[in-house]
Amino acid sequence: MKTIIEPFRIKSVEPLRQTTPQERERFLEEAGYNLFLIEARNILIDLLTDSGTSAMSTEQWAAMMRGDESYAGSESFGRLKRAVQDLTGFRHVIPTHQGRAAERILFTVMCAPGQVVPNNTHFDTTRANIEFRGARAADLLCPEAADTQARLPFKGNMDAAALERLIRTEGAGRIPLVMLTVTNNSGGGQPVSLENIAEVKAVASRHGIPLYLDACRFAENAWFIQRREPGYADWTPKQVAQKMFSLADGCTFSAKKDAFANIGGMLCTNDDRLAEQEKDLLILTEGFPTYGGLAGRDLEAIAVGLAEVLDPDYLRYRIASTGYLGDHISSHGVPIVQPPGGHAIYIDAGRMLPHIPRSQFPGQALAVELYRHAGIRSVEIGSVMFGEQAPHELLRLAIPRRAYTQSHIDYVVEAILEVNQRREQIRGLEIVSQPQFLRHFSARFRPL
Ligand SMILES: *Cc1c(COP(=O)(O)O)cnc(C)c1O
């Protein structure tokens, strides 16, 4: 059979609320044309993020009832620790309430002002936590990724030669660790090959620098490797993931992505001395090392999610359904970042709306139009978010895990194609008010 189906049936449902075009126009006005400021109940299909928005399984809910809420020595932590060690091989597993808490602890312990931390592309919280320490976050993405239209298998790879040059110019002593983000979230959910992980590890090791994975989407990355990289066709996604982790010295992890949990994170390391310091900080701001800012039931949900995400039927469906959206709209002429990534489709709004200059925010204009037309929420990744540094004017459609069915996605496809047909009529926006930092969350706009 060719048809790829959702590999689950639905036991508990959450109603979606339809709104009228008149209502949506009013919500847009009230929100200053910023979709972050629209109430979730007024959104029909929410593609704002894949973070913390997964549907949990019956096994996860059942495990939550088993949650051991003991302050110290919780059995739930024991179960999570065994699951993580089986997958990653890392000696120390430190639970945190989110990925960014793991990042803050890691960089506080490992980084000093004036140092540099390279990555393929830093996620925004990773970059912010490094800069908050007074260090510099360097993006060393492979040059092929600059062309959004190039259909290459591993556009998340790091430029290993650029890493070697950076280490030589900065000096190894100023680079406390190298990171690789799998898949590369900010770069369109593009995967990193095992060959590249090994190459980066070799460069870092030669200079005595540890390699950490930002492993939020490790399972989606493992699936791409299994499908695309020569030599792994017979491997299970779990074996590929184990191989990925075996090349690293530690990882940070947000359980809100590939662990299907609504909250949670982790910091792992093989370094005993660092782990002691990290646990001291953890106690200060997150909690005792056997719960780290989470309830016992959350630890259970993460432990079960880590096993479920590596199910080949799930990963096949997951990657196929993201590609389904991307391929359907691009085959009708909507320009997207190619090839489709693991967790999101990025429309190149700069190309789609060439009549709207960057100063009038084509990505934001498209986000507003898609909500106005069909109640769909997406997010601008362009000049609103990054100011003049934005490399492209993109609109991200992130797909929550196991939450929407193919008919929901068909509705999204239809809405995008209808908006595309009358794209010349879409007008830009101007900013009427904005905060000093992270303006995309609360800026207000006016249509031109
Ligand atoms: C989400 C994410 C983080 C941060 O995790 P939170 O749980 O949101 O704090 C870090 N890195 C990447 C690549 C992410 O996608």
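The values are calculated or read from the model by the stated rules, or taken from the named source; none is laboratory data. Fair warning: this is a prediction, and the values are worked out from it, not measured in the lab. Glycine gets a Cβ as well: all are built from the backbone with ideal geometry, and neighbour counts include every protein chain shown. Remember, those area values only see protein heavy atoms, side chains included, never the ligands or the DNA or RNA. Shrake-Rupley method; radii C 1.70, N 1.55, O 1.52, S 1.80 Å.
Annotations for the structure displayed:
- Taking the convex hull of the alpha carbon positions in the stretch 257-401 and averaging its projected area over all directions gives 12.3 nm².
- Top of A344, A275, A233 by mean-square fluctuation, Gaussian network on the chain, Cα under 10 Å: A233
- Charged side chains reduced to their Cβ positions (Lys and Arg at +1, Asp and Glu at -1) give the stretch 58-308 a dipole of some 240 debye around its Cα centre.
- Rounded to the nearest 20, the Cβ-based charge dipole of the stretch 318-448 about its Cα centre (Lys and Arg +1, Asp and Glu -1) stands at 340 debye.
- Based on C-alpha pairs under 8 angstrom that are at least 6 apart in sequence, the chain has a relative contact order of 23 percent.
- Formal net charge of residues neighbouring A135 (Cβ-Cβ distance under 13 Å; K, R +1; D, E -1): +2
- Cα gyration tensor, the stretch 58-308 - rounded (a/c under 1.5), prolate or oblate: oblate
- Choice from Y291, Y212, Y317 showing the highest fluctuation, given a GNM over the chain with Cα pairs closer than 10 Å: Y317
- Mean residue ellipticity (222 nm) of the chain, computed from DSSP H runs ≥ 4 via -39,500 (n - 2.57), nearest 500: -12500 deg cm²/dmol
- Fraction of accessible area attributable to carbon and sulfur, the chain (%, probe 1.4 Å): 52 percent
- Within the chain: Cβ-based charge dipole about Cα centre, in debye rounded to nearest 20 (Lys, Arg +1; Asp, Glu -1): 160 debye
- Length-normalised contact order for the stretch 58-308 - Cα pairs under 8 Å, 6+ apart - percent: 32 percent
- Each DSSP beta bridge with both residues in the stretch 167-288 is either parallel or antiparallel, and the antiparallel ones are about 45%.
- Viscosity 1.306 mPa s, 10 °C: Kirkwood-radius Stokes-Einstein D of the chain over Cα pairs, µm²/s: 70 µm²/s
- Simple rule: put +1 on each Lys or Arg Cβ and -1 on each Asp or Glu Cβ in the stretch 58-308, find the dipole, and look at L87, Y212, S74; the Cα lying farthest toward the positive end is Y212.
- The residues of the chain expose on average 42 square angstrom of accessible surface per residue, using a 1.4 Å probe on protein heavy atoms.
- Residue with peak Gaussian network fluctuation, the chain [Cα springs, cutoff 10 Å], from D271, D234, D50: D234
- Against the main long axis of the alpha-carbon atoms of the chain, helix 296-308 sits at an angle near 80°.
- Candidate cross-link partners of K256 among the lysines, defined by an alpha-carbon separation under 27 Å and a same-chain spacing of 8 or more, comprise K11, K81, K155, K201, K238, K243, K279.
- Cα centroid separation, the stretch 377-428 to the stretch 250-280 (Å): 32 Å
- Within the chain, antiparallel bridges make up roughly 65 percent of the DSSP beta bridges whose residues both belong there.
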